[in-house]
Amino acid sequence: MLERRGGQSYCEVRIDTGRTHQIRVHAQHIGHSVAGDDKYGDAEANRRLRDKAGLRRLFLHAASLEFALDDGRTPYTLNAPLAPELREVLDRLA
């Protein structure tokens, strides 16, 4: 967990498969669904976040991606800042 805002936890998650489904199912299984998840999430919590903070999508962001080409000889790391609409949601929860 990176921080808590407005009763919500902002977390960093590392996965091996690169599948968003992996995060969503595991989070739901431990009782902490990803915000905005219309398939595995909490409909009432999603409604409150939409009304209170303007969340209109799944709050999931790939901050970095690592892979290698040429049989692992050429590693790459790509980084991306948090999308502006998700940053705004966090700001509204402060």
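The numbers here are math on the coordinates, done by the rules we state, and not lab data. Worth saying up front: this structure is predicted, and the values here are computed from it rather than measured. For neighbour counting, all protein chains shown are included, and Cβ atoms are generated from backbone atoms with ideal geometry for every residue, glycine included.
Computed per residue of the chain from DSSP H runs no shorter than four, each worth -39500 (n - 2.57), the mean residue ellipticity at 222 nm is -10000 deg cm²/dmol. Under the convention that each Lys and Arg Cβ holds +1 and each Asp and Glu Cβ holds -1, the size of the dipole of the chain around its Cα centre is about 380 debye. Fewest neighbouring Cβ atoms within 10 Å first, the residues LEU78, LEU60, LEU55 line up as LEU78, LEU60, LEU55.
For VAL34, nonlocal amide neighbours, meaning residues 5 or more places apart or on other chains whose placed amide H falls under 5 Å from its own, are GLN28. With a cut-off of 18 Å on the backbone N, the residues of the range 48-71 near the modelled label site 7 Å out from HIS32 along Cα-Cβ are 59-63.
Under 5 Å from the amide H of CYS11 lie the amide H atoms of LEU2, each residue being 5 or more positions distant or on a separate chain, with H modelled from the backbone and absent for Pro and chain starts.
By other beta-carbon atoms within 10 Å, ranking TYR76, TYR40 with the fewest at the front produces TYR76, TYR40. Between the listed residues LEU69, PRO81, VAL34, the Cα displaced farthest toward the positive end of the dipole of the chain, a dipole computed from Cβ unit charges relative to the Cα centre, is found at VAL34. Going through (i) -0.43, -0.81, -1.11, -1.42; (ii) -0.37, -0.64, -0.86, -1.28; (iii) -0.23, -0.44, -0.65, -1.13, the figure that equals log10 I(q)/I(0) by the Debye sum over Cα atoms at q = 0.11, 0.15, 0.18, 0.23 Å⁻¹ as computed for the structure here is (ii). Couplings 3J(HN,Hα) for the range 38-53, derived from phi with the Karplus relation 6.51 cos²θ - 1.76 cosθ + 1.60 (θ = phi - 60°), are 7, 9, 10, x, 9, 4, 5, 4, 4, 5, 4, 5, 5, 6, 7, 10 Hz, where x marks Gly and Pro. The modelled label-to-label distance for the pair ALA80/GLU66, using points 7 Å beyond Cα in the direction of Cβ, is 1.9 nm.
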